[in-house]
Amino acid sequence: MPDKQEPLFFRSPYDLFIERAEGAYLYARGGRKILDGGGGAVVVHIGQGREEMARVAAEVVGRINYIVPVFDSAERSALVARLKRWTPPGLTRFYFTSGGSEAIESALKFALLCQKSRGRAGRTKIISRQFSYHGNTLGALSAGHNLRRKDYEPVLLDWPKIRPSFCYRCPWDKTYPGCDLDCASALEAEILKQGPDTIAAFLAEPMMGSSGGAVVPVKEYWPRIAEICRRYDVLLIADEVMTGFGRTGRRFAVDHWNIKPDILVGGKGLTGGYLPMGMIAVDAHLVDQCERAGADFMFFTYSNHPLACALADKALEIMERERLVERAAEVGARMGARLKEELSGHPLVGDVRGIGMFWAIELVRDRSAKTPYRPDQRVTMRVIDAAVERGLFVYPARGMAGPAGGDAVMVTPPFIIGDDEIDFITQTLRAAFDQVIPSLQ
Ligand code: PLP
(Lines give C-alpha, C1' and ligand atoms only; values in the text may rest on other atoms or scores of the structure.)
Protein backbone atom coordinates (compact mmCIF):
# COMPACT_ATOMS: atom_id res chain seq x y z
CA MET A 1 0.00 0.00 0.00
CA PRO A 2 1.29 3.53 -0.76
CA ASP A 3 2.14 5.51 2.37
CA LYS A 4 1.29 8.91 0.94
CA GLN A 5 -1.84 10.20 -0.80
CA GLU A 6 -1.34 10.99 -4.50
CA PRO A 7 -3.41 13.86 -5.97
CA LEU A 8 -5.84 12.47 -8.53
CA PHE A 9 -7.41 15.36 -10.47
CA PHE A 10 -9.26 18.28 -8.86
CA ARG A 11 -8.89 18.56 -5.10
CA SER A 12 -11.24 16.39 -3.03
CA PRO A 13 -13.43 18.08 -0.42
CA TYR A 14 -12.61 15.19 1.93
CA ASP A 15 -9.32 14.23 3.51
CA LEU A 16 -10.03 10.53 3.77
CA PHE A 17 -8.10 7.49 2.68
CA ILE A 18 -10.27 4.38 2.91
CA GLU A 19 -8.38 1.14 3.40
CA ARG A 20 -11.22 -1.34 3.49
CA ALA A 21 -14.97 -1.68 3.88
CA GLU A 22 -17.18 -4.26 5.50
CA GLY A 23 -20.96 -4.37 5.81
CA ALA A 24 -22.12 -0.78 6.31
CA TYR A 25 -18.74 0.47 7.57
CA LEU A 26 -15.71 2.10 5.98
CA TYR A 27 -12.30 1.78 7.64
CA ALA A 28 -9.99 4.74 7.03
CA ARG A 29 -6.27 5.05 7.49
CA GLY A 30 -5.41 5.69 11.11
CA GLY A 31 -8.01 3.21 12.35
CA ARG A 32 -11.07 5.44 11.90
CA LYS A 33 -14.37 3.63 11.45
CA ILE A 34 -17.08 5.45 9.50
CA LEU A 35 -20.69 4.35 9.10
CA ASP A 36 -21.58 4.76 5.43
CA GLY A 37 -24.96 6.43 5.91
CA GLY A 38 -25.03 7.43 2.24
CA GLY A 39 -24.43 3.91 0.95
CA GLY A 40 -21.59 5.59 -0.97
CA ALA A 41 -23.27 7.63 -3.68
CA VAL A 42 -26.60 5.90 -2.89
CA VAL A 43 -25.17 2.71 -4.35
CA VAL A 44 -24.45 0.14 -1.64
CA HIS A 45 -27.42 -2.03 -0.68
CA ILE A 46 -26.22 -5.54 0.22
CA GLY A 47 -23.25 -4.18 2.18
CA GLN A 48 -19.57 -4.47 1.41
CA GLY A 49 -17.08 -7.31 1.70
CA ARG A 50 -19.44 -10.18 0.92
CA GLU A 51 -17.33 -13.30 0.44
CA GLU A 52 -19.68 -14.92 -2.05
CA MET A 53 -19.34 -11.84 -4.29
CA ALA A 54 -15.55 -12.19 -4.11
CA ARG A 55 -15.79 -15.89 -4.99
CA VAL A 56 -17.99 -15.16 -8.04
CA ALA A 57 -15.54 -12.47 -9.17
CA ALA A 58 -12.54 -14.80 -8.87
CA GLU A 59 -14.30 -17.65 -10.65
CA VAL A 60 -15.52 -15.51 -13.57
CA VAL A 61 -12.24 -13.67 -14.13
CA GLY A 62 -10.41 -17.01 -14.12
CA ARG A 63 -12.71 -18.39 -16.84
CA ILE A 64 -13.73 -15.48 -19.07
CA ASN A 65 -12.80 -11.83 -18.94
CA TYR A 66 -13.93 -10.16 -22.15
CA ILE A 67 -16.11 -10.97 -25.13
CA VAL A 68 -17.56 -8.60 -27.71
CA PRO A 69 -20.96 -7.50 -26.43
CA VAL A 70 -22.84 -9.20 -29.29
CA PHE A 71 -21.79 -12.66 -28.01
CA ASP A 72 -23.90 -14.30 -25.35
CA SER A 73 -22.55 -15.77 -22.14
CA ALA A 74 -23.98 -17.74 -19.22
CA GLU A 75 -23.49 -14.65 -17.05
CA ARG A 76 -25.47 -12.39 -19.38
CA SER A 77 -28.30 -14.87 -19.90
CA ALA A 78 -28.62 -15.55 -16.18
CA LEU A 79 -28.82 -11.83 -15.43
CA VAL A 80 -31.42 -11.21 -18.13
CA ALA A 81 -33.56 -14.11 -16.87
CA ARG A 82 -33.41 -12.73 -13.32
CA LEU A 83 -33.99 -9.09 -14.28
CA LYS A 84 -37.21 -10.02 -16.10
CA ARG A 85 -38.57 -10.94 -12.68
CA TRP A 86 -37.51 -7.57 -11.24
CA THR A 87 -38.63 -5.05 -13.83
CA PRO A 88 -42.26 -3.96 -14.38
CA PRO A 89 -44.16 -6.41 -16.65
CA GLY A 90 -43.33 -5.99 -20.33
CA LEU A 91 -39.91 -4.43 -19.79
CA THR A 92 -38.08 -7.55 -20.89
CA ARG A 93 -35.31 -6.31 -23.16
CA PHE A 94 -32.09 -5.08 -21.58
CA TYR A 95 -29.13 -3.07 -22.74
CA PHE A 96 -26.18 -2.90 -20.35
CA THR A 97 -23.69 -0.07 -19.91
CA SER A 98 -20.83 0.83 -17.57
CA GLY A 99 -22.84 3.27 -15.42
CA GLY A 100 -25.86 5.51 -15.07
CA SER A 101 -24.84 8.34 -17.43
CA GLU A 102 -24.17 5.94 -20.30
CA ALA A 103 -27.52 4.33 -19.59
CA ILE A 104 -29.29 7.72 -19.73
CA GLU A 105 -27.57 8.50 -23.04
CA SER A 106 -28.74 5.13 -24.32
CA ALA A 107 -32.30 5.76 -23.17
CA LEU A 108 -32.39 9.14 -24.92
CA LYS A 109 -30.94 7.73 -28.12
CA PHE A 110 -33.29 4.75 -28.02
CA ALA A 111 -36.29 7.06 -27.61
CA LEU A 112 -35.24 9.05 -30.70
CA LEU A 113 -34.71 5.82 -32.63
CA CYS A 114 -38.15 4.50 -31.64
CA GLN A 115 -39.87 7.64 -32.83
CA LYS A 116 -37.95 7.53 -36.12
CA SER A 117 -38.79 3.85 -36.61
CA ARG A 118 -42.48 4.74 -36.25
CA GLY A 119 -42.12 7.29 -39.05
CA ARG A 120 -41.97 10.24 -36.64
CA ALA A 121 -38.47 11.51 -37.25
CA GLY A 122 -39.67 15.03 -36.36
CA ARG A 123 -40.06 14.01 -32.72
CA THR A 124 -36.59 14.98 -31.56
CA LYS A 125 -37.11 16.86 -28.29
CA ILE A 126 -36.93 15.46 -24.79
CA ILE A 127 -38.77 17.16 -21.94
CA SER A 128 -37.21 16.91 -18.51
CA ARG A 129 -37.54 18.73 -15.19
CA GLN A 130 -35.39 21.57 -13.95
CA PHE A 131 -34.76 19.98 -10.57
CA SER A 132 -33.17 16.74 -11.68
CA TYR A 133 -29.85 15.03 -12.18
CA HIS A 134 -29.46 12.49 -14.93
CA GLY A 135 -25.70 12.19 -15.24
CA ASN A 136 -22.47 13.73 -16.27
CA THR A 137 -22.23 13.26 -20.04
CA LEU A 138 -23.34 16.02 -22.40
CA GLY A 139 -26.73 14.51 -23.30
CA ALA A 140 -27.50 13.68 -19.67
CA LEU A 141 -26.35 17.15 -18.53
CA SER A 142 -28.65 18.70 -21.15
CA ALA A 143 -31.58 17.13 -19.37
CA GLY A 144 -30.40 18.01 -15.86
CA HIS A 145 -30.20 20.77 -13.27
CA ASN A 146 -29.13 24.31 -14.29
CA LEU A 147 -26.29 24.44 -11.78
CA ARG A 148 -24.62 21.39 -13.25
CA ARG A 149 -25.10 22.69 -16.78
CA LYS A 150 -23.65 26.16 -16.46
CA ASP A 151 -20.06 25.57 -17.63
CA TYR A 152 -21.19 23.65 -20.71
CA GLU A 153 -24.30 25.60 -21.70
CA PRO A 154 -23.14 26.56 -25.24
CA VAL A 155 -22.78 22.95 -26.36
CA LEU A 156 -25.75 21.36 -24.60
CA LEU A 157 -28.85 20.13 -26.36
CA ASP A 158 -31.62 22.67 -26.29
CA TRP A 159 -34.49 20.56 -24.98
CA PRO A 160 -37.41 22.04 -23.09
CA LYS A 161 -37.55 21.68 -19.33
CA ILE A 162 -40.55 21.92 -17.12
CA ARG A 163 -40.53 23.87 -13.96
CA PRO A 164 -41.97 23.32 -11.44
CA SER A 165 -41.43 19.76 -10.49
CA PHE A 166 -43.04 18.33 -7.38
CA CYS A 167 -41.77 19.50 -4.03
CA TYR A 168 -42.65 19.36 -0.37
CA ARG A 169 -45.12 22.16 -0.90
CA CYS A 170 -47.38 19.67 -2.61
CA PRO A 171 -50.14 18.58 -2.75
CA TRP A 172 -50.41 20.81 -5.73
CA ASP A 173 -49.42 24.09 -4.15
CA LYS A 174 -50.01 26.73 -6.80
CA THR A 175 -48.97 29.65 -4.63
CA TYR A 176 -45.25 28.92 -4.85
CA PRO A 177 -43.42 31.16 -7.40
CA GLY A 178 -43.54 29.38 -10.75
CA CYS A 179 -46.30 26.99 -9.64
CA ASP A 180 -49.11 28.40 -11.74
CA LEU A 181 -50.13 24.85 -12.66
CA ASP A 182 -50.04 21.63 -10.74
CA CYS A 183 -46.84 19.80 -11.57
CA ALA A 184 -48.32 17.19 -13.91
CA SER A 185 -50.37 19.72 -15.87
CA ALA A 186 -47.14 21.64 -16.41
CA LEU A 187 -45.98 18.71 -18.56
CA GLU A 188 -49.12 18.80 -20.68
CA ALA A 189 -48.82 22.58 -21.09
CA GLU A 190 -45.22 22.20 -22.25
CA ILE A 191 -46.08 19.44 -24.74
CA LEU A 192 -48.81 21.65 -26.22
CA LYS A 193 -46.54 24.70 -26.28
CA GLN A 194 -43.78 22.86 -28.11
CA GLY A 195 -46.17 20.87 -30.30
CA PRO A 196 -46.74 17.16 -29.59
CA ASP A 197 -45.24 16.23 -32.98
CA THR A 198 -41.86 17.52 -31.83
CA ILE A 199 -41.61 15.60 -28.53
CA ALA A 200 -39.92 12.20 -28.38
CA ALA A 201 -39.95 11.53 -24.65
CA PHE A 202 -40.36 12.78 -21.11
CA LEU A 203 -37.46 11.92 -18.79
CA ALA A 204 -37.74 12.13 -14.99
CA GLU A 205 -36.69 10.56 -11.71
CA PRO A 206 -39.78 8.97 -10.11
CA MET A 207 -38.58 10.42 -6.80
CA MET A 208 -36.07 13.24 -6.93
CA GLY A 209 -32.65 12.24 -5.69
CA SER A 210 -29.65 14.46 -5.19
CA SER A 211 -31.12 17.54 -6.88
CA GLY A 212 -34.18 17.73 -4.63
CA GLY A 213 -33.38 15.50 -1.68
CA ALA A 214 -35.54 12.34 -1.63
CA VAL A 215 -38.73 14.04 -2.71
CA VAL A 216 -41.66 11.63 -2.90
CA PRO A 217 -44.41 13.02 -5.12
CA VAL A 218 -48.08 13.12 -4.24
CA LYS A 219 -49.86 9.94 -5.27
CA GLU A 220 -51.72 11.64 -8.13
CA TYR A 221 -48.55 12.81 -9.88
CA TRP A 222 -47.20 9.72 -11.69
CA PRO A 223 -50.51 8.23 -12.84
CA ARG A 224 -51.32 11.62 -14.42
CA ILE A 225 -47.87 11.92 -15.99
CA ALA A 226 -48.19 8.42 -17.47
CA GLU A 227 -51.65 9.24 -18.84
CA ILE A 228 -50.43 12.51 -20.42
CA CYS A 229 -47.47 10.76 -22.06
CA ARG A 230 -49.77 8.05 -23.46
CA ARG A 231 -52.26 10.61 -24.76
CA TYR A 232 -49.62 12.51 -26.74
CA ASP A 233 -47.56 9.46 -27.77
CA VAL A 234 -44.61 10.73 -25.77
CA LEU A 235 -42.33 7.95 -24.51
CA LEU A 236 -41.97 7.84 -20.73
CA ILE A 237 -38.42 7.35 -19.45
CA ALA A 238 -38.09 6.66 -15.71
CA ASP A 239 -34.61 7.39 -14.38
CA GLU A 240 -34.29 4.84 -11.58
CA VAL A 241 -30.50 5.03 -11.39
CA MET A 242 -30.81 6.15 -7.75
CA THR A 243 -34.24 4.83 -6.77
CA GLY A 244 -34.05 1.38 -8.39
CA PHE A 245 -33.30 -2.07 -7.00
CA GLY A 246 -35.10 -1.73 -3.70
CA ARG A 247 -33.88 1.67 -2.53
CA THR A 248 -37.41 3.00 -1.92
CA GLY A 249 -38.74 -0.22 -0.40
CA ARG A 250 -40.13 -1.55 -3.68
CA ARG A 251 -38.11 -3.10 -6.49
CA PHE A 252 -38.46 0.13 -8.47
CA ALA A 253 -39.96 3.43 -7.40
CA VAL A 254 -42.53 3.26 -10.23
CA ASP A 255 -43.93 0.13 -8.52
CA HIS A 256 -45.38 2.39 -5.81
CA TRP A 257 -47.95 3.55 -8.37
CA ASN A 258 -47.95 0.50 -10.70
CA ILE A 259 -46.61 2.66 -13.51
CA LYS A 260 -44.99 0.95 -16.46
CA PRO A 261 -42.58 3.34 -18.21
CA ASP A 262 -41.56 2.66 -21.82
CA ILE A 263 -37.91 2.81 -20.82
CA LEU A 264 -36.54 2.29 -17.31
CA VAL A 265 -32.97 3.33 -16.55
CA GLY A 266 -30.96 1.62 -13.79
CA GLY A 267 -27.44 1.76 -12.38
CA LYS A 268 -25.97 2.11 -8.89
CA GLY A 269 -27.89 -0.63 -7.00
CA LEU A 270 -27.73 -3.03 -9.97
CA THR A 271 -24.42 -4.37 -8.67
CA GLY A 272 -24.63 -2.65 -5.28
CA GLY A 273 -21.26 -1.05 -5.97
CA TYR A 274 -19.31 -4.26 -6.62
CA LEU A 275 -18.63 -3.17 -10.19
CA PRO A 276 -19.67 -0.21 -12.38
CA MET A 277 -22.77 -1.06 -14.39
CA GLY A 278 -25.92 0.56 -15.75
CA MET A 279 -28.80 -0.63 -17.87
CA ILE A 280 -31.94 0.26 -19.70
CA ALA A 281 -34.96 -2.01 -19.58
CA VAL A 282 -37.26 -1.51 -22.51
CA ASP A 283 -40.66 -2.64 -23.65
CA ALA A 284 -40.16 -5.56 -26.05
CA HIS A 285 -42.64 -4.06 -28.55
CA LEU A 286 -40.43 -1.01 -28.97
CA VAL A 287 -37.35 -3.11 -29.70
CA ASP A 288 -39.27 -5.27 -32.19
CA GLN A 289 -40.54 -2.13 -33.90
CA CYS A 290 -37.01 -0.73 -34.27
CA GLU A 291 -35.69 -4.04 -35.57
CA ARG A 292 -38.50 -4.29 -38.14
CA ALA A 293 -37.60 -0.79 -39.34
CA GLY A 294 -33.99 -1.97 -39.85
CA ALA A 295 -32.59 0.23 -37.06
CA ASP A 296 -29.28 -0.56 -35.42
CA PHE A 297 -28.18 0.29 -31.88
CA MET A 298 -24.44 0.49 -31.20
CA PHE A 299 -22.97 -1.15 -28.15
CA PHE A 300 -20.24 0.25 -25.87
CA THR A 301 -17.01 -1.77 -25.73
CA TYR A 302 -17.82 -2.75 -22.15
CA SER A 303 -21.54 -3.44 -22.61
CA ASN A 304 -22.63 -6.81 -21.17
CA HIS A 305 -19.28 -7.42 -19.49
CA PRO A 306 -19.36 -11.00 -18.11
CA LEU A 307 -17.95 -10.02 -14.72
CA ALA A 308 -20.40 -7.14 -14.29
CA CYS A 309 -23.30 -9.41 -15.35
CA ALA A 310 -22.22 -12.11 -12.91
CA LEU A 311 -21.88 -9.69 -9.99
CA ALA A 312 -25.21 -8.01 -10.74
CA ASP A 313 -26.90 -11.42 -10.89
CA LYS A 314 -25.32 -12.45 -7.59
CA ALA A 315 -26.21 -9.15 -5.89
CA LEU A 316 -29.84 -9.54 -6.96
CA GLU A 317 -29.86 -13.18 -5.85
CA ILE A 318 -28.64 -12.09 -2.40
CA MET A 319 -31.34 -9.42 -2.26
CA GLU A 320 -33.98 -12.07 -3.07
CA ARG A 321 -32.59 -14.66 -0.61
CA GLU A 322 -32.29 -12.17 2.26
CA ARG A 323 -35.51 -10.33 1.36
CA LEU A 324 -33.59 -7.07 1.32
CA VAL A 325 -36.20 -5.08 -0.61
CA GLU A 326 -38.74 -5.91 2.09
CA ARG A 327 -36.10 -5.10 4.68
CA ALA A 328 -35.47 -1.71 3.05
CA ALA A 329 -39.19 -0.98 3.44
CA GLU A 330 -39.39 -2.17 7.08
CA VAL A 331 -36.10 -0.88 8.48
CA GLY A 332 -36.42 2.24 6.33
CA ALA A 333 -39.81 3.03 7.87
CA ARG A 334 -38.25 2.72 11.34
CA MET A 335 -35.30 4.86 10.32
CA GLY A 336 -37.55 7.55 8.81
CA ALA A 337 -39.75 7.66 11.91
CA ARG A 338 -36.66 8.08 14.11
CA LEU A 339 -35.20 10.80 11.89
CA LYS A 340 -38.49 12.70 12.00
CA GLU A 341 -38.94 12.21 15.72
CA GLU A 342 -35.41 13.23 16.67
CA LEU A 343 -34.53 15.84 14.10
CA SER A 344 -37.57 17.57 12.64
CA GLY A 345 -37.72 20.05 15.54
CA HIS A 346 -34.07 21.07 15.21
CA PRO A 347 -33.54 24.77 14.31
CA LEU A 348 -31.50 23.83 11.24
CA VAL A 349 -34.06 21.40 9.83
CA GLY A 350 -36.74 22.48 7.36
CA ASP A 351 -38.04 19.05 6.43
CA VAL A 352 -37.36 15.35 6.95
CA ARG A 353 -38.76 13.29 4.10
CA GLY A 354 -38.37 10.05 2.24
CA ILE A 355 -39.43 6.44 1.94
CA GLY A 356 -37.72 3.05 2.27
CA MET A 357 -33.97 3.54 2.56
CA PHE A 358 -34.21 6.84 0.70
CA TRP A 359 -34.36 9.79 3.14
CA ALA A 360 -33.19 13.38 3.15
CA ILE A 361 -33.03 16.21 5.62
CA GLU A 362 -33.52 19.73 4.29
CA LEU A 363 -31.33 22.33 6.02
CA VAL A 364 -32.79 25.86 6.17
CA ARG A 365 -32.13 29.29 7.63
CA ASP A 366 -35.78 29.97 8.47
CA ARG A 367 -37.89 26.95 9.37
CA SER A 368 -41.32 28.48 8.90
CA ALA A 369 -40.62 30.36 5.66
CA LYS A 370 -38.31 27.53 4.49
CA THR A 371 -35.69 29.95 3.25
CA PRO A 372 -32.29 28.48 2.47
CA TYR A 373 -28.85 29.64 3.56
CA ARG A 374 -26.66 31.37 0.96
CA PRO A 375 -24.75 28.88 -1.23
CA ASP A 376 -21.38 30.38 -0.15
CA GLN A 377 -22.15 29.32 3.45
CA ARG A 378 -21.68 25.72 2.30
CA VAL A 379 -24.08 24.36 4.89
CA THR A 380 -24.36 20.88 3.39
CA MET A 381 -20.60 20.39 3.34
CA ARG A 382 -20.17 21.80 6.86
CA VAL A 383 -22.73 19.33 8.17
CA ILE A 384 -21.11 16.42 6.35
CA ASP A 385 -17.65 17.41 7.63
CA ALA A 386 -18.98 17.55 11.19
CA ALA A 387 -20.68 14.16 10.76
CA VAL A 388 -17.59 12.53 9.23
CA GLU A 389 -15.50 13.81 12.15
CA ARG A 390 -17.89 11.84 14.36
CA GLY A 391 -17.75 8.70 12.21
CA LEU A 392 -20.77 9.10 9.90
CA PHE A 393 -20.91 9.79 6.18
CA VAL A 394 -24.14 11.05 4.61
CA TYR A 395 -24.56 11.99 0.97
CA PRO A 396 -24.78 15.65 -0.16
CA ALA A 397 -27.88 16.82 -1.99
CA ARG A 398 -29.60 20.01 -3.03
CA GLY A 399 -32.78 20.80 -1.17
CA MET A 400 -36.02 22.35 -2.42
CA ALA A 401 -36.01 25.49 -0.25
CA GLY A 402 -36.10 28.63 -2.39
CA PRO A 403 -36.52 28.83 -6.16
CA ALA A 404 -32.88 27.88 -6.82
CA GLY A 405 -32.80 25.01 -4.31
CA GLY A 406 -30.94 24.87 -1.01
CA ASP A 407 -29.08 22.49 1.30
CA ALA A 408 -29.83 18.89 2.17
CA VAL A 409 -28.16 15.65 3.17
CA MET A 410 -29.34 12.23 2.10
CA VAL A 411 -29.57 9.34 4.53
CA THR A 412 -29.41 6.32 2.28
CA PRO A 413 -27.50 3.56 4.05
CA PRO A 414 -27.07 -0.07 2.97
CA PHE A 415 -30.24 -2.11 3.55
CA ILE A 416 -28.48 -4.33 6.10
CA ILE A 417 -28.24 -1.76 8.91
CA GLY A 418 -30.08 -2.36 12.20
CA ASP A 419 -31.37 -0.35 15.14
CA ASP A 420 -27.89 0.42 16.53
CA GLU A 421 -26.93 2.09 13.28
CA ILE A 422 -30.23 4.00 13.17
CA ASP A 423 -29.50 5.31 16.69
CA PHE A 424 -25.99 6.28 15.66
CA ILE A 425 -27.20 8.11 12.54
CA THR A 426 -29.80 10.18 14.38
CA GLN A 427 -27.52 11.03 17.30
CA THR A 428 -24.58 11.91 15.09
CA LEU A 429 -26.64 14.10 12.78
CA ARG A 430 -28.07 15.95 15.75
CA ALA A 431 -24.55 16.57 17.08
CA ALA A 432 -23.37 17.70 13.64
CA PHE A 433 -26.30 20.14 13.31
CA ASP A 434 -25.61 21.49 16.82
CA GLN A 435 -21.96 22.01 15.93
CA VAL A 436 -22.66 23.82 12.64
CA ILE A 437 -25.48 26.14 13.65
CA PRO A 438 -23.47 28.68 15.77
CA SER A 439 -21.05 29.19 12.88
CA LEU A 440 -23.94 30.29 10.62
CA GLN A 441 -25.18 33.18 12.74
N1 PLP B 1 -29.45 9.45 -12.87
C2 PLP B 1 -29.57 9.69 -11.55
C3 PLP B 1 -30.94 9.88 -10.95
C4 PLP B 1 -28.45 9.76 -10.73
O5 PLP B 1 -28.58 10.01 -9.42
C6 PLP B 1 -27.16 9.56 -11.33
C7 PLP B 1 -25.96 9.65 -10.51
O8 PLP B 1 -25.95 10.07 -9.38
C9 PLP B 1 -27.09 9.31 -12.71
C10 PLP B 1 -28.25 9.26 -13.44
C11 PLP B 1 -25.75 9.12 -13.37
O12 PLP B 1 -25.18 7.91 -12.99
P13 PLP B 1 -23.60 7.69 -13.01
O14 PLP B 1 -23.00 8.63 -12.02
O15 PLP B 1 -23.43 6.23 -12.66
O16 PLP B 1 -23.13 7.97 -14.40
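The values are calculated or read from the model by the stated rules, or taken from the named source; none is laboratory data. Nothing here was measured: the structure is a model prediction, and the numbers come from that model. Don't worry about glycine lacking a Cβ; one is built from the backbone with ideal geometry, like all the others, and counts go over all protein chains shown.
Checking the range 348-356 against the condition returns a match, with at least one residue being of a type in the set (A, V, I, L, M, F, W, C), closer than 16 Å to Val409 by Cα, free of Cβ contacts under 8 Å to residues at least 40 places away in the same chain and in contact with a Leu (Cβ under 7 Å, 6 or more places away or on another chain).
Answer yes or no as to whether Gly99 is more than 15 Å from Thr271 (Cβ to Cβ) and not aromatic (Phe, Trp, Tyr). In short, no. So is Leu83 more than 16 Å from the ligand (Cβ to nearest atom), in the same structural domain as Ala201 (by TED's automatic domain parsing) and under 25 Å from Ala41 (Cα atoms) or not? In short, yes. Taken as a whole, the structure leaves Gly62 outside the set of residues that are within 30 Å of Val409 (Cα to Cα), away from the ligand (no atom under 16 Å from the Cβ), free of Cβ contacts under 8 Å to residues at least 40 places away in the same chain and more than 28 Å from the chain's Cα centre (by Cα).
Residues that are in a loop (DSSP other than H, G, I, E, B) and under 13 Å from the mean Cα position of the chain (by Cα) within the range 246-272 comprise Gly246, Arg247, Thr248, Phe252, Gly267, Gly272, listed in sequence order. Looking for something free of Cβ contacts under 8 Å to residues at least 24 places away in the same chain, crowded, with 17+ Cβ neighbours inside 10 Å and closer than 17 Å to Ile437 by Cβ - is there at least one such residue anywhere in the range 319-339? No, the conditions are met nowhere in the range 319-339. Every condition in (1) part of a helix (DSSP H, G or I); (2) hydrophobic (A, V, I, L, M, F, W, C); (3) buried (at least 21 other Cβ atoms within 10 Å of the Cβ) holds for Ala431 except the one numbered (3). Quick check, is Val241 outside any loop (DSSP other than H, G, I, E, B) and buried (at least 24 other Cβ atoms within 10 Å of the Cβ)? No.
The set of residues in the range 72-87 that are surrounded by fewer than 21 Cβ atoms within 10 Å (Cβ to Cβ) and touching a helix residue (DSSP H, G or I) at 6+ places or on another chain (Cβ under 6 Å) comprises Ser73, Ala78, Arg82. Considering the range 106-134, and only residues there that are within 16 Å of the ligand (Cβ to nearest atom) and assigned to a helix (DSSP H, G or I), the residue that is surrounded by the fewest Cβ atoms within 10 Å (Cβ to Cβ) turns out to be Lys109. Would you check if Glu6 is under 30 Å from Val331 (Cα atoms) and charged (D, E, K, R)? In short, no.
Once the range 178-218 is narrowed to residues that are in a loop (DSSP other than H, G, I, E, B) and modelled with pLDDT under 85, the residue that is nearest to the ligand (Cβ to nearest atom) is Val218. Tallying residues that are under 22 Å from Val411 (Cβ atoms) and among the polar types (S, T, N, Q) within the range 234-270 yields 2. Per the listing Ala284, Ala310, Ala253, Ala295, the residue uniquely among the hydrophobic types (A, V, I, L, M, F, W, C), assigned by TED's automatic domain parsing to the domain that holds Ser101 and within 15 Å of the ligand (Cβ to nearest atom) is Ala253.
If only residues of the range 91-105 that are under 28 Å from Asp197 (Cα atoms) and out of contact with any helix residue (DSSP H, G or I) (no Cβ under 7 Å at 6 or more places or on another chain) are counted, the one that is farthest from the ligand (Cβ to nearest atom) is Leu91.
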